[in-house]
Amino acid sequence: MRVCGVELTGNEAVIAIMQYKDGLYDVPPVRTTKLTLHDPINTEPLKKFQFDFAQLMKDYQIDKVIIRQRPLKGKFAGNTLSFKIEATLQLMQGIEVLVITPEYIKQGLKQAQNSPTAVELGLKKFQEQAMLTAFGYLEHKVD
């Protein structure tokens, strides 16, 4: 199973692709680490963002997109733009998109024999939460 973990921050979708195959985890090299929505007001940039994201998922044969849920209110609440990006991703045709809670991710990480860091896997430090989202989800599915 190949999944794409997504962390939404501001106007960006930070991604990390991870695969579980034959009892091993694999993090393939990807041509981009994040996608940015430059104009959140108009329809065409939203459609282009959605198209570019969907094309990336198709190119890397992603089975599921896993988005890390953000709080709706409070000090650490996600901003409105990130929720607009989330909706854009959820409305993509042809790919399953799930939003999972940080608690669900933590449970998956607790089950893991080893908890790698993004840098250990050859990713950038800012991809850490996206990678943990994918890893936590896959840990639940492996059992």
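The values are calculated or read from the model by the stated rules, or taken from the named source; none is laboratory data. Bear in mind that the values here come from a model prediction, so they are computed numbers and not experimental data. Positions of Cβ are backbone-derived with ideal geometry, glycine not excepted, and every protein chain shown enters the neighbour counts.
Return the only residue of 81, 132, 89, 98 being part of a helix (DSSP H, G or I), within 23 Å of residue 33 (Cβ to Cβ) and out of contact with any helix residue (DSSP H, G or I) (no Cβ under 7 Å at 6 or more places or on another chain).
81 is the lone residue from the list that is part of a helix (DSSP H, G or I), within 23 Å of residue 33 (Cβ to Cβ) and out of contact with any helix residue (DSSP H, G or I) (no Cβ under 7 Å at 6 or more places or on another chain).
Restricted to segment 109-127, and to residues that are in contact with a Lys or Arg (Cβ under 9 Å, 6 or more places away or on another chain) and surrounded by 16 or more Cβ atoms within 10 Å (Cβ to Cβ), which residue is farthest from residue 8 (Cα to Cα)?
118
So, of the residues in segment 105-131 that are in contact (Cβ under 8 Å) with a residue 40 or more places away in the chain and more than 16 Å from residue 26 (Cβ to Cβ), which turns out to be nearest to the chain's Cα centre (by Cα)?
Among them, the one singled out is 129.
Pick from segment 82-112 the residues that are under 17 Å from residue 129 (Cα atoms) and among the basic types (Lys, Arg): which of them is modelled with the lowest pLDDT?
It comes out as 110.
Are there any pairs with C-beta distances below 8 angstrom linking a residue in segment 27-45 that is farther than 26 Å from residue 138 by Cα to a residue that is exposed (fewer than 10 other Cβ atoms within 10 Å of the Cβ), with the two at least 6 apart or on different chains, and if so which?
Within 8 Å, the pairs are 45/38.
Select from segment 76-92 the residues that are in contact (Cβ under 8 Å) with a residue 12 or more places away in the chain and hydroxyl-bearing (Ser, Thr, Tyr) and write down the one among them that is surrounded by the fewest Cβ atoms within 10 Å (Cβ to Cβ).
88
Just for segment 1-38: of the residues that are touching a helix residue (DSSP H, G or I) at 6+ places or on another chain (Cβ under 9 Å), in a strand (DSSP E or B) and of a type in the set (D, E, K, R), which one is surrounded by the fewest Cβ atoms within 10 Å (Cβ to Cβ)?
34
Just one of 95, 62 is surrounded by 18 or more Cβ atoms within 10 Å (Cβ to Cβ) and touching a strand residue (DSSP E or B) at 6+ places or on another chain (Cβ under 8 Å); which is it?
Details: 95 fails: surrounded by 18 or more Cβ atoms within 10 Å (Cβ to Cβ).
Result of the check over 95, 62: 62.
Tally the residues that are under 13 Å from residue 6 (Cβ atoms), among the charged types (D, E, K, R) and either in a loop (DSSP other than H, G, I, E, B) or touching a helix residue (DSSP H, G or I) at 6+ places or on another chain (Cβ under 6 Å) (or both), restricting the search to segment 45-78.
Adding up the residues that qualify gives 2.
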